[in-house]
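Reading through the structure tokens given below for one structure.
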Amino acid sequence: MPTLAKAYIAASADSPLQPGVIERRDPGDFEVLIGIRFTGICHSDIHTARGDWASVRYPVVVGHEIAGIVEAVGAKVTRFAVGDCVGVGCFVDSCRECASCRAGEEQYCLRGAISTYNSIGRDGVPTAGGYSTSIVVDENYAVRIPEGIPLEAAAPLLCAGITMYSPLRNWGVGPGTRVAIVGMGGLGHMGVKFAAALGAEVSVLSQSLKKEEDARRLGAHSYHATSDPATFDILAGSFDLIVNTVSAPIDLDKYLSLLALDGTMVLVGLPTEPLSQRAYSLAGFRRSLAGSKMGGIRQTQEMLDFCAAHGIGAEVEIIAAEGINEAYERVLVSDVRYRFVIDANTY
């Protein structure tokens, strides 16, 4: 018999999220039922709930930064047991057969990964995310949260954390690497922590200097205001890697000018408007412009183990479920340091 879960639901693009009840299936042979404890609020949740991106299957329950406890397991589950601390990120299944899936890069599934929300699952039912009290997922698409990481600090690692860890690892960040993080928000603050822990020289590029003290506390070596035109002259050719986290349009040519020879700028923020840049900004100095999503399951587990080894977690503000709509408005004006996390006990 399906179980009922409390949830906060977006009924349409222009309506506030409201409390309600959704059905969760009983776990199948290879599935686990997770009692959700905390869920982070990602900018992607807001884009989806408000219909900013592709078509949305309303009503929708968003949320893909999920930390909780295994409450039941299917008959053939081997990876987890009742009582384990686990996390669920941005996707809950994939084809498992394409080149990307076989390489452990399920997020780039060539047939399309099944998102944690606003997708159709293998059971033919629309997926519902983490703004709820429970979720059922295949054991191969959950990850273990190591001891030492509080669940509230772990939840944002399942999207914000892995979204920043993945490009830093994939582009070989380590001692001697000069890294700039554009934006000091939910993604950016994780990028600072990871890049510093990997041994890089870390700079933050932000609109203003108001978060400089925080950035230096988290490991940044320098901090620069992009609202000052002189910043782009002073820092020209300074970085091996720039990771842009902002979800607003920026002048790509100006930021590309900050890259050294063979440097790369990686886009992880997702503005709703198209971006453009001149070919010479790349070809003229052998620079690269790239994009990156979250990591696959294997890399996400690696990231969590890295966090446990280095004492890393997200900086969070815990809220009750009734505060979700207010939190959305605060996210949109960057009034959070650095991730809102919903306490599932308050549904």
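See the values below:
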read-out: Scan of the range 59-74 for residues that are outside any strand (DSSP E or B) and either buried (at least 22 other Cβ atoms within 10 Å of the Cβ) or within 20 Å of the chain's Cα centre (by Cα) (or both), ordered by number; value: V61, V62, G63, H64, E65
read-out: Positions within the range 199-224 being touching a helix residue (DSSP H, G or I) at 6+ places or on another chain (Cβ under 6 Å) and either modelled with pLDDT under 95 or in a loop (DSSP other than H, G, I, E, B) (or both), in sequence order; value: G219, A220
read-out: Residue check, V136 buried (at least 16 other Cβ atoms within 10 Å of the Cβ) and of a type in the set (V, I, T); value: yes
read-out: Filter result (surrounded by fewer than 24 Cβ atoms within 10 Å (Cβ to Cβ) and either among the acidic types (D, E) or touching a Phe, Trp or Tyr at 6+ places or on another chain (Cβ under 6 Å) (or both)) within the range 186-201; value: E201
read-out: For A154: the one exception among (1) assigned by TED's automatic domain parsing to the domain that holds C90; (2) assigned to a loop (DSSP other than H, G, I, E, B); value: (2)
read-out: Pair list, Cβ < 6 Å and 6+ apart or interchain, from the range 202-230 residues that are over 16 Å from L187 (Cα atoms) to residues that are of a type in the set (S, T, Y) and crowded, with 17+ Cβ neighbours inside 10 Å; value: S222/S203
read-out: Unique residue being touching a helix residue (DSSP H, G or I) at 6+ places or on another chain (Cβ under 7 Å), assigned to a helix (DSSP H, G or I) and not polar (S, T, N, Q) when the list is M303, M265; value: M303
read-out: Meets criteria (polar (S, T, N, Q) and more than 15 Å from K293 (Cβ to Cβ)) for N170; value: no
read-out: One residue from V266, V246, V316, V333 being without any contact (Cβ under 8 Å) to a residue 12 or more places away in the chain and hydrophobic (A, V, I, L, M, F, W, C); value: V333
read-out: In the range 109-141, residue nearest to V341 (Cα to Cα) [restricted to those that are under 15 Å from the mean Cα position of the chain (by Cα) and in contact (Cβ under 8 Å) with a residue 60 or more places away in the chain]; value: G130
read-out: The range 277-313 - residue that is closer than 14 Å to A155 by Cα and among the small types (G, A, S) and, of those, surrounded by the most Cβ atoms within 10 Å (Cβ to Cβ); value: G313
read-out: From the options V77, V32, V56, residue that is crowded, with 16+ Cβ neighbours inside 10 Å, assigned to a strand (DSSP E or B) and touching a residue at least 24 places away in the same chain (Cβ under 8 Å); value: V32
read-out: Filter pass, G323 being in a helix (DSSP H, G or I) and not charged (D, E, K, R); value: yes
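Quick grid of which residues meet (1) of a type in the set (D, E); (2) more than 18 Å from D26 (Cα to Cα):
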{"position": "S55", "(1), (2)": "no, yes"}
{"position": "V60", "(1), (2)": "no, yes"}
{"position": "E65", "(1), (2)": "yes, yes"}
{"position": "V82", "(1), (2)": "no, no"}
{"position": "C85", "(1), (2)": "no, yes"}
{"position": "L110", "(1), (2)": "no, yes"}
{"position": "A113", "(1), (2)": "no, yes"}
{"position": "N118", "(1), (2)": "no, yes"}
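The values are calculated or read from the model by the stated rules, or taken from the named source; none is laboratory data. Here the structure is a predicted model, which means the values were calculated and not measured. When we count neighbours, we look across all protein chains shown, and the Cβ atoms used for this are built from the backbone with ideal geometry, even at glycine.
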